[in-house]
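What follows is a single structure, written as structure tokens, with notes after it.
The values are calculated or read from the model by the stated rules, or taken from the named source; none is laboratory data. Keep in mind it's a predicted model, so treat the numbers as computed, not measured. All Cβ positions, glycine included, derive from the backbone under ideal geometry; neighbour counts span all protein chains shown. Side chains are part of the model used for accessible areas, which takes the heavy atoms of the whole protein and leaves out ligands, DNA and RNA. Shrake-Rupley method; radii C 1.70, N 1.55, O 1.52, S 1.80 Å.
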Amino acid sequence: MKCCYCGAELDTSNFCPRCGNDVRIWKKTQFISNYLYNQGLEKAKKRELSYAAQALTLSLQYNKRNTDARNLLGVVYMEMGELYLAFSEWCISLNFQSQENDARYFLASCQQTGSQIDRMNLTIHKYNQCLQYCHQQTYDLAVIQLRKVLEQSPHL
């Protein structure tokens, strides 16, 4: 862990060995952010995506530079069908850490598979149409449309 003031490597004491600043709060926020990241990772492994997104978002409130949490949040958003939110998280992650970042791989794989993005956009359009059918109280059409959506994206 590095000091937030001077960038020196921290030891087990509550003060930075180089600049002497008190880093107790900094260490505590890093710990909480990492703890919430691990919670989000566990939820994502269990496919509880909305809970994973909540934990990861909270993790990023404690440490906005937590690129692991940001990348995982992008993956969770991608699984939920929120393409633009996923791309946004990965781009922010790359701005914080441009070297050796998994976000570069995620963005490249999504750009290479443009058909996946088109398919997801079509699925989202069908889902929105399903919601319109529900508002119009034509539930039979909504069920048919929803079945088509789930055939295309079973994780959605």
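Observations on the model:
- The local environment of Y77, defined by Cβ-Cβ distances under 12 Å, has a net charge of -2 under the rule Lys, Arg +1 and Asp, Glu -1.
- The C-alpha atoms of the chain define a longest principal axis, and helix 24-45 lies at about 30 degrees to it.
- Taking the protein heavy atoms of the stretch 1-113 in the context of the full set of protein chains, the accessible area attributed to carbon and sulfur is 51 percent at 1.4 Å.
- With protein chains left intact and a 1.4 Å probe, residues in the chain average 65 Å² of accessible area per residue.
- Full-extension gain in nm, N121 to A108, via 0.36 nm per residue minus C-alpha separation: 2.9 nm
- Extension gain, C19 back to S88 (0.36 nm per residue minus Cα-Cα distance, nm): 21.3 nm
- Unpartnered cysteines - no second Cys beta carbon under 4.7 Å - across the chain: C4, C91, C110, C130, C134
- Inter-part distance, the stretch 122-150 to the stretch 6-22, computed on C-alpha centroids, equals 57 Å.
- If R0 equals 22 Å, the separation of the Cβ atoms of Q137 and Y51 corresponds to a calculated FRET efficiency of about 0.10.
- Anchor K148: aspartates and glutamates whose Cα lies under 15 Å away (excluding residues fewer than 8 positions away in-chain): D140
- Highest mean packing first, where packing is the average number of other Cβ atoms within 10 Å per residue, the peptides 71-77, 125-131 line up as 71-77, 125-131.
- Nearest-ten-degree value, helix 139-152 long axis tilted from longest Cα axis of the chain: 50
- Global form of the chain, assessed from the alpha-carbon gyration tensor, a/c cut-off 1.5: prolate
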